[in-house]
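Structure record follows, encoded as structure tokens.
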Amino acid sequence: MLNIDIQKVSTPKAKPQPGDKLGFGHIFTDHMFLMNYAEGKGWFDPRIVPFQNLSLSPAAMVFHYGQEMFEGMKAYHSPDGRALLFRPEMNARRANVSNQRLCIPEVPEEDFIQAIRELVRVEKDWIPKDPGTSLYIRPFIIATDGFLGVAPSKTYLFVVILSPSGAYSESGMAPVGIWIEDDYVRAVRGGMGYTKTGGNYAASLIAQVKAHDAGYSQVLWLDGVERKYIEEVGAMNIFFKISGHLVTPALNGSILPGVTRDSVIKLCESWGLDVYEKRISVDELIDDYNMGRVEEIFGTGTAAVISPVGKLRYKDDIMVIGDGTTGPLSQRLYDTLTGIQWGTLPDPFGWTMEV
Ligand SMILES: *Cc1c(COP(=O)(O)O)cnc(C)c1O
């Protein structure tokens, strides 16, 4: 149990008003959570302070060798006035999987959740209330030793910042176009693909730019060795509904185990759908497509929840999925998941936690 010191701002900022376009990730709340770590001492000095710039040595190891991890989750405002988190214990556990891979000291799961709950409680009025809006939560840890040697840092800073965010897509659940990248790769088995760390994103930018220039909004990554098997999309896992079954790439060490992915699998199984986690090659997908068996494709992630895919490009092949509208399974998953998250539907799995 952390003993969190709370230092409040004297003049709070103006909060966004109902109807304001919030976008994603550029508005921050009045406060943030900080906690330091030093070798031999452990985590210490947990505190909630006014949102402000950090002061670090230009030699801080995070700047040079990327020893960093982050998480992404949301707080939702329910119609009866509660603030809800969605499966925060999954994020706390995954944070420590990332920490372990990056030689960052672990944060006890209950401390991770307590830090987030106390910060969100302080900022409860910042949770937007318009349909589809939420308070995005970004916990992260950086290596702070001012030292240019390559070794794990002996000091760290754990930070949590909050950002009110708008409905993911202004146009509702409009299907997106996906570029299957056949040259660059994001991660390999044995690498860091299963962790949330900045380096994975740095490695992905070049293909993202390439896809955007070609008119596609997201990149679908293939495995890093043979560039043959489907892995995941930018910041989303991917699902295919083929001949009435749901198929998603098995977690193999280079894929990020999404909380939304896990929730979709559990929901679909509870609906009696067969869900297969397996290795899927692009060739197999193209065959299924040509045989008319591909019924729906969608990405899953905290930001968009469910993002239907309307078009896929692989080399010279373009696959058009469905009729340009959202498929029935994608829609049902979106409605059910968001209903549970916003507290408007029953929560049979006990997934939400009141702040
Ligand atoms: C965060 C993330 C996801 C989605 O995970 P959720 O827990 O569902 O938000 C998928 N892929 C990558 C690379 C990610 O960073």
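Hey, can you tell me all the residues within the range 266-297 that are assigned to a helix (DSSP H, G or I) and polar (S, T, N, Q)?
Ser270, Asn290
Could you please tell me which pairs satisfy a Cβ distance under 7 Å, a separation of 6+ or placement on different chains, a first residue in the range 224-249 that is in the same structural domain as Asp287 (by TED's automatic domain parsing), and a second residue that is open to solvent by 30 Å² or more (accessible area, probe 1.4 Å) and within 9 Å of the ligand (Cβ to nearest atom)?
Once the first residue is in the same structural domain as Asp287 (by TED's automatic domain parsing) and sits in the range 224-249, its partners that are open to solvent by 30 Å² or more (accessible area, probe 1.4 Å) and within 9 Å of the ligand (Cβ to nearest atom) give Ala235/Ala303.
Between a residue in the range 25-50 that is more than 17 Å from Gln7 (Cα to Cα) and in the same structural domain as Arg121 (by TED's automatic domain parsing) and any residue that is open to solvent by less than 30 Å² (accessible area, probe 1.4 Å) and part of a loop (DSSP other than H, G, I, E, B), which pairs come within a Cβ distance under 7 Å, given they are 6 or more apart or on different chains?
Tyr37/Pro105; Trp43/Val107
Identify the single condition in (1) surrounded by fewer than 19 Cβ atoms within 10 Å (Cβ to Cβ); (2) farther than 19 Å from Ile321 by Cα that Asp287 does not satisfy, given that it satisfies every other one.
(2)
Condition first: open to solvent by less than 10 Å² (accessible area, probe 1.4 Å) and more than 11 Å from the ligand (Cβ to nearest atom). Now tell me which residues in the range 236-247 satisfy that.
Hits for the range 236-247 are Phe239, Phe240, Leu246.
Would you check which residues across the range 134-152 are more than 18 Å from Met353 (Cα to Cα) and either within 21 Å of the chain's Cα centre (by Cα) or open to solvent by 10 Å² or more (accessible area, probe 1.4 Å) (or both) and list them?
If the condition is that a residue be more than 18 Å from Met353 (Cα to Cα) and either within 21 Å of the chain's Cα centre (by Cα) or open to solvent by 10 Å² or more (accessible area, probe 1.4 Å) (or both), then Phe140, Ile141, Ile142, Thr144, Asp145, Gly146, Phe147, Leu148, Gly149, Val150, Ala151, Pro152 are the ones that fit.
Please verify whether the range 266-287 includes one or more residues that are of a type in the set (S, T, N, Q) and under 16 Å from the mean Cα position of the chain (by Cα).
No, that holds for no residue.
When you look at Tyr276, is it surrounded by fewer than 16 Cβ atoms within 10 Å (Cβ to Cβ), within 25 Å of Pro175 (Cβ to Cβ) and within 11 Å of the ligand (Cβ to nearest atom), yes or no?
Against the criterion (surrounded by fewer than 16 Cβ atoms within 10 Å (Cβ to Cβ), within 25 Å of Pro175 (Cβ to Cβ) and within 11 Å of the ligand (Cβ to nearest atom)), Tyr276 does not qualify.
Listed here are the residues, each with its yes/no results for (1) crowded, with 16+ Cβ neighbours inside 10 Å; (2) within 16 Å of the ligand (Cβ to nearest atom).
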{"site": "Gln218", "(1), (2)": "yes, yes"}
{"site": "Glu231", "(1), (2)": "yes, yes"}
{"site": "Gly234", "(1), (2)": "yes, yes"}
{"site": "Pro249", "(1), (2)": "yes, yes"}
{"site": "Asn252", "(1), (2)": "no, yes"}
{"site": "Arg261", "(1), (2)": "yes, yes"}
{"site": "Met291", "(1), (2)": "no, no"}
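Can you find, within the range 303-335, the residue that is most open to solvent (accessible area, probe 1.4 Å) among those that are closer than 15 Å to Ile265 by Cα and within 16 Å of the ligand (Cβ to nearest atom)?
Among those residues, the one meeting the criterion is Tyr334.
Give me the pairs: first residue in the range 326-355 and without any contact (Cβ under 8 Å) to a residue 60 or more places away in the chain, second residue open to solvent by 50 Å² or more (accessible area, probe 1.4 Å), beta-carbon distance under 6 Å, and six or more apart or on different chains, which are they?
Correct list of pairs: Gly339/Leu345.
Just one of the numbered conditions (1) among the polar types (S, T, N, Q); (2) under 27 Å from Gln208 (Cα atoms); (3) within 15 Å of the ligand (Cβ to nearest atom) is not true of Thr338; which one?
Of everything listed in (1) among the polar types (S, T, N, Q); (2) under 27 Å from Gln208 (Cα atoms); (3) within 15 Å of the ligand (Cβ to nearest atom), Thr338 misses just condition (2).
Quick one: Ser281 ticks every box in (1) within 15 Å of the ligand (Cβ to nearest atom); (2) modelled with pLDDT of 95 or more; (3) open to solvent by less than 30 Å² (accessible area, probe 1.4 Å); (4) assigned by TED's automatic domain parsing to the domain that holds Gly234 bar one, so which box is it?
That leaves (1) as the condition not met.
Scan the range 98-112 and tell me whether some residue there is under 23 Å from Leu345 (Cα atoms) and either in contact with a helix residue (DSSP H, G or I) (Cβ under 9 Å, 6 or more places away or on another chain) or surrounded by fewer than 20 Cβ atoms within 10 Å (Cβ to Cβ) (or both).
Start the filter on the range 98-112 by keeping residues that are under 23 Å from Leu345 (Cα atoms), which leaves none.
No, the range 98-112 contains no residue that is under 23 Å from Leu345 (Cα atoms) and either in contact with a helix residue (DSSP H, G or I) (Cβ under 9 Å, 6 or more places away or on another chain) or surrounded by fewer than 20 Cβ atoms within 10 Å (Cβ to Cβ) (or both).
Might you let me know whether the range 204-214 holds any residue that is away from the ligand (no atom under 16 Å from the Cβ) and within 20 Å of Glu284 (Cβ to Cβ)?
Checking the range 204-214: not a single residue is away from the ligand (no atom under 16 Å from the Cβ) and within 20 Å of Glu284 (Cβ to Cβ).
The values are calculated or read from the model by the stated rules, or taken from the named source; none is laboratory data. Everything quoted here is computed from the prediction, not taken from an experiment. Methodologically, a virtual Cβ is constructed for each residue, glycine included, from the backbone with ideal geometry; neighbour enumeration extends over all protein chains shown. Remember, those area values only see protein heavy atoms, side chains included, never the ligands or the DNA or RNA. Shrake-Rupley method; radii C 1.70, N 1.55, O 1.52, S 1.80 Å.
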